[in-house]
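Q: Below is a structure I'd like to ask you about.
What follows is calculated from the coordinates using simple rules that are stated; it is not laboratory data. This one's a predicted model, so the numbers in the text were calculated from it and none came from an experiment. Using ideal geometry, Cβ is built from the backbone for each residue, glycine included, and neighbour counts are taken over all protein chains shown.
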């Protein structure tokens, strides 16, 4: 399916959960999804026989600056050979999005990393711990406004 | 018999007092810590093994010991070109492959075409990189299992490839060779001759390696039917590379989502078929790597024959300032699907560079391979997915 068809199929099925799309004039066409409906959209994308997005290539947490966060999902279908990008826009003060861990197991670690680095909260994730940073780390290092702490556990960090 | 006649241990299913011990045998699960300083974790990886006697109940990987803030560094760079040396250090045993993915991503953002000579040299280097990486994977895997000699043979052959790299760009491990739009140096005049000589030298050594290790009875006993990863589980975990193909899935981005000049070259995709045990076991994953090295030699031989003339720096842009936008490029590195998600905001430095690391994703499937196995098989399973912690932790 071409991105336009995927978009139309999703809009027919989910209506206002599909907030918008940019299908022309970009390298990778993307569809914007409402964060609180992400789980069901993901499940449909995986299980619909016409789409069969069996692989979540990459899940990226984004900080767009100005209090806007986001999650980008790169999906591909091994069975049918097509690709699509989903985007979710979030506000920094309420960065909640439905987890897709139950749909694609690979999302488990990607979501933990996005939580660790950007501070996005994935509702329904079974084990949302930090991935790369130590458990007692404060802050989310890939936020654009992140300040490198002077002290770690009372120890001065020399730079 | 009245219910009251039963002893408490029998009611709740606890074992009775062991004679001579004076107390019941303890039967709770035990947590064994493996790493971060352990010879068979291939770096600083810690595995928390939940054990029921010798049987693995669960594996909880703890990563991040080698986190070097690659993505944060990439955002802080003054320009796109400066990210390449950092990309080298992701999967440091196959640095050429890492560069290739990144430069293709930026070229796609810039919408530039590179000369054909550059494409062919890049493919040759990426395939050499695959041979080097697989030699390390195979050699160290043999060592994990207990075979010391194949490792030395692999390292010997690897040196020949590193010599070619050194003649080309001066570096043996971390190259900064592929630039956005071209290459840092053209190859030396005797490059083709050296490459042909290597291919002639290396081909018989693969057979020698098979005789030494692949079909060794002890090696097969340790790896066949161990750490089985069924195809549908592998796909759900988005596992890629030899780990996916070992499960019998014929999926290679060089064929399925082609880039560079791979569509013009003729090669096969080896997959695991469960020859010595079950499809998707450790031996299958191992054997896919051995057969991929043969295919890489085929690719290199074809590419070096066709190597066109040209200027490798002709398309290198003076300044790199892509339009605002994002791109996701995935390439088939020795470890699997290495993806770069590069976001540009129209300035000279990248807004965001996110790496989809194949080792990171493949490692996340390790618990699925190990549950129910014996503790010694964890080493076999971990070695068979061939992780490099530099890429897992970034």
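Q: What is the fewest-to-most order of B:50, B:31 by other Cβ atoms lying within 10 Å of their Cβ? Don't skip to the end; give the middle numbers.
A: Details: B:50 16, B:31 11.
Ascending number of Cβ neighbours within 10 Å: B:31, B:50.
Q: In a GNM of chain B with a 10 Å cut-off on Cα contacts, which of B:233, B:132, B:56 has the highest mean-square fluctuation?
A: Greatest mean-square fluctuation among the candidates belongs to B:233.
Q: May I ask you to derive the relative contact order of region B:61-167, considering only C-alpha pairs under 8 Å and at least 6 residues apart, and to give it as an integer percent?
A: Relative contact order for region B:61-167 comes out at 18 percent.
Q: Separate question: Give the order of B:199, B:69, A:57 when sorted by the count of other beta carbons within 10 angstrom, beginning with the fewest. Working shown, then result.
A: On the way: B:199 15, B:69 18, A:57 23.
Least to most surrounded, the residues fall as B:199, B:69, A:57.
Q: Also, I was wondering about something else. Let me check against my output: what whole-number percent is the relative contact order of chain A, with C-alpha pairs under 8 Å and at least 6 apart?
A: Value for chain A: 17 percent.
Q: Mind jotting down a quarter of the surface of the convex hull over the alpha carbons of region B:212-313, in square nanometres, one decimal?
A: Working: hull surface 32.9 nm².
With every direction weighted equally, the projected area is 8.2 nm².
Q: Rounded to two decimals, what is the ratio between the C-alpha radius of gyration of chain B and 2.2 N^0.38 Å?
A: On the way: Rg = 24.0 Å, N = 394, 2.2 N^0.38 = 21.3 Å.
Cα-based Rg divided by the globular estimate yields 1.13.
Q: Treating the Cα atoms of region A:3-156 as identical point scatterers in vacuum, please give the log10 of the normalised Debye intensity I(q)/I(0) at q = 0.09, 0.12, 0.13, 0.17 Å⁻¹, two decimals.
A: At q = 0.09, 0.12, 0.13, 0.17 Å⁻¹ the computed log10 ratios are -0.31, -0.52, -0.60, -0.97.
Q: Can you tell me the orientation of helix A:107-118 relative to chain A, as the angle in degrees between its alpha-carbon axis and the longest Cα principal axis, to the nearest 10?
A: Tilt of helix A:107-118: around 50 degrees.
Q: Another question, if that's okay. Using R₀ = 30 Å, calculate the FRET efficiency as 1/(1 + (r/R₀)^6) where r is the Cβ-Cβ separation of residue B:375 and residue A:129; round to 0.05. Write out the running numbers ahead of the final one.
A: Working: r = 25 Å, r/R0 = 0.82.
Given R0 = 30 Å and the Cβ-Cβ separation, E is 0.75.
Q: So for the pair residue B:37, residue B:78, with labels modelled 7 Å out along Cα→Cβ, what separation do we get in nm?
A: 4.0
Q: Above 37 Å lies some portion of the pair distances; for the protein assembly as shown, what is it as a whole percent of all C-alpha pairs? List each step's numbers first, then the result.
A: On the way: 52000 of 152628 pairs.
Summing the P(r) of the protein assembly as shown above 37 Å gives 34 percent of all pairs.
Q: P(r) for region B:49-189: what percent of alpha-carbon pairs falls in each 10 Å bin, starting at zero?
A: 11, 32, 29, 18, 8, 2, 0
Q: How high is the relative contact order of chain B? Use alpha-carbon pairs under 8 Å, at least six apart in sequence, and give a whole percent. Spell out each step's value before the answer.
A: On the way: 750 pairs, mean separation 96.6, N = 394.
RCO, chain B: 25 percent.
Q: In Å³ and rounded to a whole number, note down the convex hull volume per residue for the Cα atoms of region B:314-368.
A: Details: hull volume 5.4 nm³, N = 55.
Cα convex hull per residue, to the nearest whole number: 98 Å³.
Q: Does region B:120-247 come out rounded, prolate or oblate, given a ≥ b ≥ c as the square roots of the eigenvalues of its C-alpha gyration tensor, rounded meaning a/c under 1.5 and, failing that, prolate meaning a/b above b/c?
A: Working: a/c = 2.66, a/b = 1.51, b/c = 1.76.
Oblate is the answer for region B:120-247, as a/c is 1.5 or above yet b/c matches or exceeds a/b.
Q: Let a ≥ b ≥ c be the square roots of the eigenvalues of the Cα gyration tensor of region A:110-159; is it rounded (a/c under 1.5), or, if not, prolate (a/b larger than b/c) or oblate?
A: Working: a/c = 3.25, a/b = 1.93, b/c = 1.69.
Note, shape of region A:110-159 comes out prolate.
Q: Between region B:297-352 and region B:194-266, what is the C-alpha centre distance in whole Å?
A: 24
Q: How far is helix B:282-306 tilted, in degrees, relative to the longest principal axis of the Cα atoms in chain B, given as a value from 0 to 90 rounded to the nearest 10?
A: That helix lies at roughly 10 degrees to the long axis.
Q: What angle do you read, to the nearest 10 degrees and between 0 and 90, between the alpha-carbon axis of helix B:95-110 and the longest principal axis of chain B?
A: 60
Q: Does region B:18-130 come out rounded, prolate or oblate, given a ≥ b ≥ c as the square roots of the eigenvalues of its C-alpha gyration tensor, rounded meaning a/c under 1.5 and, failing that, prolate meaning a/b above b/c? Please report the intermediate quantities before stating the final value.
A: On the way: a/c = 4.53, a/b = 3.03, b/c = 1.49.
It is prolate, given that a/c is not under 1.5 and a/b is the larger ratio.
Q: Then there is this: Give the span of region A:41-103's Cα atoms along each principal axis, as three whole-Å numbers ordered largest to smallest.
A: In descending order, the Cα extents are 39, 18, 15 Å.
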